[in-house]
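Just below is one structure, and these are the notes that go with it.
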Amino acid sequence: MYLINRLSYSGSFKNVHPMEKFFFAMGALTLSLVTDNPVLMACMLFMMSFIIISAAGIKTADYIKLIFIPFVFILSGVLTIIIEINSQPAGYLWQREFAGVNFYVSEQSALSGGILFLRSFTSVSCLYFFILTTPITDVEYILKKMRLPALFREMFMMVYRFIFVTAEMAGMILISQRSRSGYSSFKNRLNSAGLLISSVFVKSYFFSSASYNAMLSRGCDGGIDVIESGYRYSVVNIFLIILFNLCFVILILRFG
């Protein structure tokens, strides 16, 4: 979370209009979900990764570190589709028997799993483009332009804020416990983990109460107002977004 937040505020696209980044990412995501051609999916994945690293200024090491997290979940889900169980498989690309059960990979399951993996991974890269280039205040700006209720937007901002507050509190308490050998044995680990959870809950409750009182003392009327930056639409960016999506639409209509 800290890395994503830092990159969104320091990338090359931080001053680009949020709606341009939103429609570009959502357009690419929609095209990735529509096509069944693995070559087009791979091209979209390469293009989005190239834009994130080269144009947006995200370091390759940071991008790989972030993309590895969903990669593990996607791979674990795809393996359950690729590997099938049958007592007498008719045709297979790979087969192993374990405890009297035949585990095998058929051509159809490998193809389905490969397409699912590419589609999921490409969709993640599209979302990462939006996440890594758009600060949280700009996300609130987009939600406001989409006419979402103020209550929803305020809850979104508060939850996002308290994720960092809770993580910071947990980190400080964890350092304090480790400095006192709180995790030296299994029994101490269980005891320290319980104290950590309860302490974070209590501290978060008091912090939220103090934050609310501080807002009231400064004349808050119940809403959370965010200062909007003076963004301007770029004709060049809009043209490139339309051209990018139009090219992929033509390729999808031609090759599926």
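The values are calculated or read from the model by the stated rules, or taken from the named source; none is laboratory data. Please read these numbers as outputs of a predicted model, since none were measured by experiment. As a convention, Cβ positions derive from the backbone with ideal geometry for all residues, glycine included, and neighbour counts pool all protein chains shown.
For this structure, a couple of remarks:
- Test: residue in region 86-105 that is aromatic (Phe, Trp, Tyr) and in contact with a helix residue (DSSP H, G or I) (Cβ under 7 Å, 6 or more places away or on another chain): no
- Strands (runs of 3 or more DSSP E) completely within region 35-131 that count 3 or more residues being surrounded by 12 or more Cβ atoms within 10 Å (Cβ to Cβ) and touching a residue at least 12 places away in the same chain (Cβ under 8 Å): 101-105
- Out of ILE224, ILE142, ILE163, sole residue that is at pLDDT 85 or above and either surrounded by 12 or more Cβ atoms within 10 Å (Cβ to Cβ) or farther than 30 Å from LEU29 by Cβ (or both): ILE142
- Some residue of region 49-62 being among the small types (Gly, Ala, Ser), closer than 14 Å to ILE131 by Cα and touching a Gly at 6+ places or on another chain (Cβ under 8 Å): yes
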